[in-house]
Amino acid sequence: MAKFKIVTQALAAPVDHSYEMEALASIGAEIIEVSATSENAFIAAAHDADAIYSKTRLTKQVIDSLERCKVISLGSVGVDTVDVAAATARNIPVTNVPDTFIEEVADHTMTMMLATWRRLVVQDRLARDGNWSKGRPMLYQFPRLMGQTLGFIAFGHVARAVATRARAFGFRMLAYDPYVEELVMSQYGVEPCSYEEVLAQSDIVSMHAPSTTDARKMFGEKQFRAMKKTALFINTGRGATVDEAAMIRALNEGWIAGAGLDVLEVEPPKLDNPILKMDNVIVTAHVASASSRFDPARRRRVGHELASVLSGRWPRACVNPSVLEKSGLIRWQPYSMERGPGN
């Protein structure tokens, strides 16, 4: 019999948990997939779990039913599918994988910036449709990228990786993030500014706010109207942070010039969503984090986070860290070359 019971929601297709088990096998843990047709059925199967590996929605009702759960882990950056407040009230740490695919998302963000600025999709269509002579006159309308102002809304891991890339293109860079110290921004050549200053001055606005309650629809009509009419809006973060109806109006009525979107408010979108038919918008299907290392990397990280907590140690990433001080877990410390292990 396994020492630790980890329960996860069964998905449509069977999942091989071998990556997670690389860390979990040594502590005697097993992952049990539960095919529950209702919330009550899941509660009945998971109430005595030592940990929950969350792959779909986890409500307050489910969390309150957990009798001995030590940790809830997700294999994503976003944790909006879990009632974190309910977990915090029960002193259950919630872990995610905030830094596993930063480089991929930063690359995709840069791709969106370059493609929207150079109107790449329209240029491709003109060339394919035999309108070879029309591409150059179209681009005569727009300035070169070098010297333009790039503004970040939120300046976390992805935005910092984007700033590293964007610096080589000669951008002037601004950022609004009340949770990040100014000295951190200056290290990346980024000027800290107010929300209003970023919107008013930026030629490209890149949205990186997480999908929290406070950030829901934080970018709406007021913000789009405050942008330059020639500006582009990029979102590779979370669709819920943007008022999509306001964005559609902004694009249709010329409040802004265009957008590059990897995320939408509702995914997948309905085929009659106006965004899908706009020439001034480039859309990708929430793929910014995807690469060949995506699944193995995030799943191994989930396994390590689960193993850490079940072994009595702090996880590397916790979205409700206030519970850790009360948990009795041993604080994780990175290996130090100076002190040496165990000193």
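Please treat every number below as a calculation from the coordinates, not as lab data. Predicted model, so just to flag it, every value in this text is computed and none were measured. Every residue, glycine as well, gets a Cβ built from its backbone with ideal geometry; the counts of neighbours run over all protein chains shown.
Of note:
- In a DSSP loop and with at most 16 other Cβ atoms within 10 Å, the trypsin sites (Lys or Arg not before Pro) in segment 145-250 are 216, 217, 229.
- Evaluated with a Cβ-only charge set (Lys, Arg +1; Asp, Glu -1), the chain carries a dipole of roughly 640 debye about its Cα centre, given to the nearest 20.
- Ranking 247, 307, 145 by how far each Cα lies toward the positive end of the dipole of the chain (charges on Cβ) leaves 145 at the top.
- The distance linking segment 311-332 with segment 7-21 is 25 Å (Cα centroid to Cα centroid, whole angstrom).
- Global geometry of segment 27-99, whether rounded, prolate or oblate, following the gyration tensor of its Cα atoms and the 1.5 cut on a/c: rounded
- Considering only 117, 188, 211, and ranking their Cα positions along the charge dipole of segment 99-242 that arises from unit charges at the beta-carbon of Lys, Arg, Asp and Glu, the one farthest toward the positive end is 117.
- Pairs of Cα atoms nearer than 8 Å and 6+ residues apart set the relative contact order; for segment 102-283 it is 21 percent.
- Rough spin-label spacing in nm, given labels placed 7 Å along Cα→Cβ, for residue 229 and residue 293: 4.5
- Distance between the 7 Å Cα→Cβ label points at residue 181 and residue 125: 4.8 nm.
- A helix-only calculation puts the chain at -9500 deg cm²/dmol for mean residue ellipticity at 222 nm, using -39500 (n - 2.57) for each DSSP H run of at least four residues, averaged over all residues.
- Of the labelled figures (1) 53, 18, 16; (2) 56, 22, 17; (3) 41, 23, 19, only one reflects semi-axes √(5λ) of the Cα gyration tensor in Å as derived from the coordinates, namely (3).
- Residue of 265, 325, 103 that the Gaussian network model of the chain assigns the largest fluctuation, springs spanning Cα pairs under 10 Å: 325
- Taking all Cα pairs closer than 8 Å and separated by 6 or more residues, the relative contact order of the chain comes to 19 percent.
- Compared with the direct C-alpha span, the chain from residue 60 to residue 197 gains 45.4 nm at full extension, assuming 0.36 nm per residue.
- Modelled FRET efficiency - R0 35 Å, residue 157 with residue 45, Cβ distances, 0.05 increments: 0.50
- Among the chymotrypsin sites (Phe, Trp or Tyr not before Pro) in segment 94-140, those placed in a DSSP loop whose Cβ has at most 14 other Cβ atoms within 10 Å are 140.
- Stretched out straight at 0.36 nm per residue, the stretch from residue 136 to residue 322 would grow longer than its current Cα-Cα span by 61.3 nm.
- Under a Gaussian network description of the chain, with springs only between Cα atoms under 10 Å, the residue in 90, 136, 293 that fluctuates furthest is 136.
- Charge tally around residue 210: other residues with Cβ under 10 Å, Lys/Arg +1 each, Asp/Glu -1 each, net -1.
- Whichever lysines have a C-alpha closer than 16 Å to that of residue 60, once near sequence neighbours (fewer than 8 apart) are set aside: 70
- A simple spin-label model places the labels of residue 30 and residue 164 4.2 nm from each other, with each point 7 Å out along Cα-to-Cβ.
- At an R0 of 51 angstrom, the distance between the Cβ atoms of residue 81 and residue 146 translates into a FRET efficiency of 0.80.
- Net dipole in debye of segment 185-343 [+1 Lys, Arg Cβ; -1 Asp, Glu Cβ; about Cα centre; nearest 20]: 720
- For the residues 92, 153, 32, a GNM of the chain with alpha-carbon springs under 10 Å puts the largest fluctuation on 32.
- Charged side chains reduced to their Cβ positions (Lys and Arg at +1, Asp and Glu at -1) give segment 22-170 a dipole of some 1280 debye around its Cα centre.
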